[in-house]
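The values are calculated or read from the model by the stated rules, or taken from the named source; none is laboratory data. Keep in mind it's a predicted model, so treat the numbers as computed, not measured. Here the Cβ positions follow ideal geometry from the backbone for every residue, glycine too, while neighbour counts run over all protein chains shown.
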Amino acid sequence: MIRRALAILVLTGGLVAVPALIGPLTAQDTRFSTSAEASKALDIARQQQRNARARSERLEQRAAGALQAADKASAQAAALAARVQQAEAAATAAEAQLALVTAQRRTLDRKLAARREPLVRLTGALQNMARRPMTLTMFQPGSLQDLVYTRAVLGSTVPLVRARTASLRGDLERARTLQGEARTAYADGREAEATLKGRRRDLATLAEKERLVARRVSGDASRENRRAQALAEQTRDLDALVGQLEQAGTLRTRLAALPGPIPRPANPGAVTAPPPPSPSPTSTQPPADYQLPVAGRLVGGFGEAASGSGARRPGIALIPRSGAQVVAPAAGRVAFAGPYRGYGRIAIVEHAGGWTSLVTGLASLDVAVGQRVAAGSPLGLAARSDPEITLELRRDGAPINPLDHAD
């Protein structure tokens, strides 16, 4: 009877082996403070992964059908940037999954620890009784009577031990399952990081080629860049800089719309003056295929009070992965690219119809002033430490909520 009860406890999975079974992971993600936060991040990352995959496939098709070399190169760079963001989202999803599994294992650890102590004491007592020779029992006063009582108690205890340890066996099986899920999540994360590293390397090479082509095409780019940098030093704040650049962009658009010179006719006296050109209507539609510049967690909404100053936010703030890829929200022309006091490196992109996007908080830039970018073209990278990317969308200087127009 004693040996049967002892065997039931041993078959629960070996209580002394439980700590080894659910020991610490090789790597743990500390970006998520709670399981609810990790679960939410997992859902968002998987959605971002699907969106980035769809964008990259669409851009790859556009690149395949482009006739101009410049359009093909721009679409290829945007497609590769989308692939980078897809890999970033996959890495974030793997980290969130690993954090969830770790939290579940810790909960199970505490549950098993609470159950382990009384069962270990019972196992020790049964082992001592099992090692006691039967012959000694016959020569000790009252031992036979004690043995009869013990057998009677064990007769009613064995079914109870079997029932109590049934749920424990289920917990141990759950621990083994969680261990497997943790290994899978960790392997997925390593694979995603390796993919991300390779795609970033390819994108950096392609972005450098595109920047060199843009410099050759635009001969006055360096002169315009110097003017933009001087303007940044003169303006009192970022709003003034954006306003000055918007005025310059409007003037440039109007000059480009003027008719070219008319050739001198053979008989000037027989030619009547042409009617004045009628102004073409300006589109008020937002930029097509507008998207957020980076995949990340929204920490500041449009119109919310900013921390410290209390002023209303003219845009949104996002917390991305360390060193995340930042892309152009929509097609347009780079009006400014460089450092600005208090905002890190920034990029200002002019879109058609008087729309402007301002992206701040970049650690590095892959574009130059005067360069044409497609929606999703690489702008640069977020910071490695405490990254925060802000996005502002403006229409003729007035702030617009970018989330109302982002895909």
Gln61 being under 24 Å from Ala204 (Cα atoms) and either polar (S, T, N, Q) or at pLDDT below 50 (or both): yes
Among the residues in the range 362-376, are any on the phi > 0 side of the Ramachandran plot and among the acidic types (Asp, Glu)? no
Given the condition of a type outside the set (Ser, Thr, Tyr) and without any contact (Cβ under 8 Å) to a residue 24 or more places away in the chain, answer yes or no: does some residue in the range 363-372 qualify? no
Go through the range 349-366 and report how many residues are farther than 17 Å from Arg313 by Cα and surrounded by 23 or more Cβ atoms within 10 Å (Cβ to Cβ). 5
Outside the structural domain of Arg201 (by TED's automatic domain parsing) and touching a Leu at 6+ places or on another chain (Cβ under 6 Å): which single residue out of Gly323, Gly332 fits that description? Gly323
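To keep it simple, each residue is scored yes or no on (1) of a type in the set (A, V, I, L, M); (2) surrounded by 14 or more Cβ atoms within 10 Å (Cβ to Cβ); (3) over 25 Å from Ser74 (Cβ atoms).
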position	(1), (2), (3)
Phe302	no, yes, yes
Ala305	yes, no, yes
Ala311	yes, no, yes
Ile316	yes, yes, yes
Ile319	yes, yes, yes
Ala328	yes, yes, no
Val334	yes, yes, no
Tyr340	no, yes, yes
Tyr343	no, yes, yes
Return only the number of the condition from (1) over 20 Å from Gly354 (Cβ atoms); (2) among the hydrophobic types (A, V, I, L, M, F, W, C); (3) at pLDDT 70 or above that Leu241 does not satisfy. (1)
Pull up the range 356-367, narrow it to residues that are farther than 12 Å from Pro339 by Cα and of a type outside the set (Ser, Thr, Tyr), then point me to the one that is modelled with the highest pLDDT. Leu358
